[in-house]
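Asks: Below is the structure I would like to discuss, written out as structure tokens.
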Amino acid sequence: MSQTARLSGLSHVNRVDDGSPLADLLDERRRLVALAHRMLGSADDAESAVDECYRRWYALSDRERERIPVPLTWLAAGVGRICRARRVLPPPEGSAGAARPTVPDVIVARPRAAEPTTLRQHTAAEPTTLRQHDAVVHAVRRALVVADVDLLLSLLAPDAAAFFDGGGKIRTLVAPVHGRDRVARGLLCLLDRGPHTTLAAHSVNGRTGLVVRHGRRVVAVLSLDVSGTEAVGVWVVVNPDKLRSWNAGRHP
């Protein structure tokens, strides 16, 4: 059964809240950087222009973003405007071409203090052995690899939450996702894998987590909070800045 068919079993969940597949998001950024590079002629300046455009995207309200039917079209137009402005008004000498943000540099929707606290309390309420934690993580990996909705739902607590960190450089979900169904759908959508994408168990912050690679490059790292036999929290890092150490050979 296809992933689309499996996801239809969660039809009561709003698909608008699912986000986009990670492969599509990475391709989106590559296309924007290529556009900026053609206009500015510098790889560093191109990355800076795209970063500024994403800052403008995240500065929009949720309602404003929802009204944009094709985000790539909006982003490409924004990158074009930024590049044209920079060609007319180059940065001051000695600034190394750095962008001057026009919107606040607060991008990632960080979980409220109460949310991590709730997860810690939930985890503490049902002590989990290292073996139990690893078993849940490996089972979640199997569910994601074959897009098994039923298995994934059985591994998530009813009040599970997922948090996505794109660092403002990848167009991930802004707000945390709450509830077993929404977490399952969000993860399956994000990790809708192409032929060159792999998902493997790996040590993450001293515990078994999941590492997503596209080709040989690490493009996402997942950490799971486990309580008993269920995952109560999933922390998804796709921020390329935070993945540099993974791609610089500092992780086995």
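Asks: So the label point goes 7 Å from the Cα of D27 along Cα→C-beta, right? Which residues of the stretch 162-201 then have their backbone N under 12 Å from it?
Replies: 193-196
Asks: Please compute the Kirkwood hydrodynamic radius over the stretch 133-213, one decimal place, Å, based on all pairs of different Cα atoms. Numbers along the way, then the final one.
Replies: Values: mean 1/r = 0.0749 Å⁻¹.
After inverting the mean inverse Cα-Cα distance, the result is 13.3 Å.
Asks: Note the full-extension length gain between R142 and D241 as 0.36 nm times their separation in residues minus their Cα-Cα distance, in nm to one decimal. Walk me through the numbers on the way to the answer.
Replies: Details: separation 99, 0.36 × 99 = 35.64 nm, distance 2.77 nm.
Using 0.36 nm per residue and subtracting the Cα-Cα distance, I get 32.9 nm.
Asks: What does a probe at A200 reach in the stretch 123-165, counting residues whose amide N is under 20 Å from the point 7 Å along Cα→Cβ?
Replies: Answer for the stretch 123-165: 134-147.
Every number in this text was worked out from the coordinates using simple rules, so none of it is lab data. In this text the structure is predicted, and so the values were computed from the model without any measurement. A quick note on method: Cβ atoms are made from the backbone with ideal geometry, for glycine too, and the neighbour counts reach across all protein chains shown.
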